[in-house]
Amino acid sequence: MQLILKKIELFLNIVHYCIYRLEKKRYLLFNKLNPFMLLGKIPAVKRKFEDEGTSHEEVVNKIWTNQRYGFGIMLSGGGLVIIIFLMIFSVNEIMNGLLNYPIKLSWRQLFVSCSVLSYIICHITVFQKDKYISYFKQFDKKSKQEKWKYGLVSLAFVVGTVSLWIYSFRFIPVL
C-alpha cells in the first residue's frame with residue numbers, strides 16, 4: 001500500500017512539475033505583452049528600482065516564477081487540483097451510471113465532495129510541507145530526454161482525463 005501511495009505521489013508531482021514548466025514557458029513567451037512589464041518603462045518607476053539595485057523585470061519575474069509563492073506555482077497547483085477533480089467527478093459519474101445510480105447526490109453535493117476530495121489528495125501528495133519543491137529539484141537534474149518523457153506522460157494524463165470527463169456526459173441522468 002505504501003509503495004502505491006509513493007508512486008501516486010511521484011506521478012502527481014511529475015504532472016505538477018510539467019504544468020509548472022508549461023506555465024513558466026507561457027509566461028516567458030508572453031512577457032512582452034505583460035502589463036506589469038510595461039510599468040517598468042515609466043522613468044520614475046525605473047529610477048526607483050535602479051536606486052534599490054534591482055530592475056523591474058527581475059521583480060516581476062520573481063513574482064511569477066518563484067517556486068514557493070509565485071503566480072506560476074499557484075496556477076499550476078490549481079490546474080492539478082482541477083485535473084484531479086475532473087478525474088474523480090468523471091469516474092463517479094461513469095460508475096454511478098453503470099450501476100443505475102445507487103448513490104443519489106445533488107449536483108452541489110457532488111461538486112463539493114469531489115472538490116474537497118481532489119484538494120485533499122493534492123494536499124497530501126504534493127502541497128503538504130512543500131513536498132513539490134524537493135521533487136522539482138530532483139526533476140530539474142533529469143536529462144532533457146527524461147523531461148520530455150515526463151511531459152508526454154503528463155500530456156497523455158491530462159488529455160485522458162479530459163476525454164474521460166467528456167465521455168462521462170453520456171452517463172448524466174436525463175431529468
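Summary table below
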read-out	value
Candidate set from region 92-108 (those that are part of a helix (DSSP H, G or I) and hydrophobic (A, V, I, L, M, F, W, C)); member that is most open to solvent (accessible area, probe 1.4 Å)	Trp107
Lone qualifier among Phe111, Phe169, Phe89 - being of a type in the set (Phe, Trp, Tyr) and surrounded by 14 or more Cβ atoms within 10 Å (Cβ to Cβ)	Phe89
Filtered residues of region 1-42 (kept if more than 18 Å from Glu58 (Cβ to Cβ), among the charged types (D, E, K, R) and open to solvent by 100 Å² or more (accessible area, probe 1.4 Å))	Lys6, Lys7, Lys25
Residue match in region 49-70 (condition: under 14 Å from the mean Cα position of the chain (by Cα), hydrophobic (A, V, I, L, M, F, W, C), open to solvent by less than 30 Å² (accessible area, probe 1.4 Å) and at negative phi)	no
Residue within region 84-97 that is acidic (Asp, Glu), in contact with a Ser or Thr (Cβ under 7 Å, 6 or more places away or on another chain) and either farther than 21 Å from Lys129 by Cα or modelled with pLDDT of 90 or more (or both) present	yes
Which numbered condition Phe136 misses (of (1) exposed (fewer than 13 other Cβ atoms within 10 Å of the Cβ); (2) touching a residue at least 60 places away in the same chain (Cβ under 8 Å); (3) under 22 Å from the mean Cα position of the chain (by Cα))	(1)
Wholly within region 1-73, helices (runs of 4 or more DSSP H) carrying at least 1 residues that are closer than 30 Å to Cys122 by Cα	2-29, 56-65
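The values are calculated or read from the model by the stated rules, or taken from the named source; none is laboratory data. For clarity, every value in this text was computed on a predicted model and none was experimentally measured. Using ideal geometry, Cβ is built from the backbone for each residue, glycine included, and neighbour counts are taken over all protein chains shown. For accessibility, only protein heavy atoms count, side chains too; no ligands or nucleic acids. Shrake-Rupley method; radii C 1.70, N 1.55, O 1.52, S 1.80 Å.
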